[in-house]
Amino acid sequence: MKKMMTAVVALAAGLTLAACGTGGKDAAKAPLDKIKEKGTLVVATSPDYAPFEFQTLVDGKNKVVGADILMAEKIAEKLGVKLEVSSMSFDNVLNSVQNGKADIAIAGLSVSEDRMKVFDFSDAYYHVQDVLLVKKDGASSYTSTDSLAGKKVAVQKGTTQEVYAKENLKDASIISLTQMGEAINELKSGQVDAVLLDSPVALGYTSQNKDLAVADIKFPETDANTKAIVMPKDSGSLKEEIDKIVNELVESGEYENYLKEVAKYTAVE
Ligand code: ARG
């Protein structure tokens, strides 16, 4: 009996060491080496944010497209690996990089101090403003953030707009919603009074919805108006490689061309 128990304990110890050994080796591997070894770059995104990432019908099939997706394709090509776009709700995008399910995240993500504590950011690839989307027939009544007292303002869960609204729009009711499309539907149906979001996305909605308009309110410019790619903290050579590609796309005007290219698509929810 005693011999059997000793054997069981030894087996369990061996399996534990083996698991640690495997996990330890992999955990110590640089992110870029892991990606190249896998042969695939897994990019987390939330395709509800045209023109950056959104769903459209191509030959009757749902496809995730957008300027960020074209950039992801270019990064995978330059790294010599396949691209896997992993779509999820926005409030799960950063977690998927943190827990290793995705290698990087490209989702119209803004730089923020809180996020920089946990992740590496690439160099900036685009700049936006926060804007307030409202019903056109009431737009003139919104002249400053004071106009939002007692109003219901929708934001997307997990966004920099959610953080800003909760910290600065104290007299408004902040409604955090998972999908951007849900926020727009609630605005159109009058369940909320306004939606706070990135400027290019708002302009997409006003071009497709004549009953919506961008309110004439200037929100403060912060780091959160700069878009960049999120990767694990201390990504080293992966950040170096991605920065090279991002800077080429920005300096050549290619990212701007991506935005023009995807304008031909119509977003579907
Ligand atoms: N720029 C804001 C942020 O980084 C909103 C991004 C929302 N992106 C999306 N794909 N829904 O928090």
GNM result for the chain, Cα springs below 10 Å: residue of VAL131, VAL163, VAL97 fluctuating most strongly: VAL163
Aspartates and glutamates with Cα under 18 Å of LYS244, excluding same-chain neighbours fewer than 8 positions away: ASP33, ASP68, GLU73, GLU77, ASP103, ASP120, ASP123, ASP234, GLU254, GLU256
Just the number, please: percent antiparallel of the DSSP beta bridges in the chain, rounded to the nearest 5. 60 percent
Pop the C-beta distance of GLU77 and VAL268 into the FRET formula with R0 = 35 Å and round what comes out to the nearest 0.05. 0.85
When the helices in the chain are scored as -39500 (n - 2.57) per DSSP H run of 4 or longer and the sum is shared across all residues, what 222 nm value do you end up with, to the nearest 500 deg cm²/dmol? -13000 deg cm²/dmol
Unsatisfied cross-links (Cα-Cα over 20 Å) in the set LYS117/LYS170; LYS136/LYS260; LYS152/LYS188; LYS29/LYS227; LYS135/LYS264: LYS117/LYS170; LYS136/LYS260; LYS29/LYS227; LYS135/LYS264
Quick check: the distance between the Cα centres of segment 32-82 and segment 168-186, to the nearest angstrom? 28 Å
Potential extension, LYS61-ALA30 segment - 0.36 nm per residue separation minus Cα distance: 7.5 nm
Kirkwood-based Rg to Rh ratio, segment 55-97, C-alpha trace: 1.01
Using r as the Cβ-Cβ distance of LYS233 and ASP137, and R0 as 51 Å, what FRET efficiency do you calculate, to the nearest 0.05? 0.60
Calculate the FRET efficiency for SER207 and SER144 from the Cβ-Cβ distance with a Förster distance of 22 Å, rounded to the nearest 0.05. 0.30
Would you work out which of ALA172, GLN161, ASN247 lies farthest towards the positive end of the dipole of segment 140-264, given +1 charges on the beta-carbon of Lys and Arg and -1 on that of Asp and Glu, about the Cα centre? ALA172
When the solvent-accessible surface of protein heavy atoms is calculated with a 1.4 angstrom probe, in what order do ASP91, ASP171, ASP33, ASP120 fall, highest first? ASP171, ASP33, ASP91, ASP120
Say each of LYS101 and GLU240 gets a label point 7 Å from the Cα, pointing the same way as Cα to Cβ; how far apart are those two points in nm? 3.2 nm
Relative frequency of Cα-Cα separations exceeding 34 Å in the chain, percent: 28 percent
So what are the three principal axis dimensions of segment 130-220 from its Cα atoms, in whole Å, longest to shortest? 31, 27, 24
The correct ranking of GLU221, GLU254, GLU186 by accessible area at 1.4 Å, largest first, is GLU221, GLU254, GLU186
Whenever you get a sec, line up LYS157, LYS210 from highest to lowest accessible area (probe 1.4 Å, protein heavy atoms). LYS210, LYS157
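The values are calculated or read from the model by the stated rules, or taken from the named source; none is laboratory data. Not measured: the values here are computed from a predicted model. We place every Cβ from the backbone using ideal geometry, glycine too, and count neighbours over all the protein chains shown. For the accessible areas, the whole protein counts, side chains as well, though only heavy atoms, and no ligand, DNA or RNA atoms are used. Shrake-Rupley method; radii C 1.70, N 1.55, O 1.52, S 1.80 Å.
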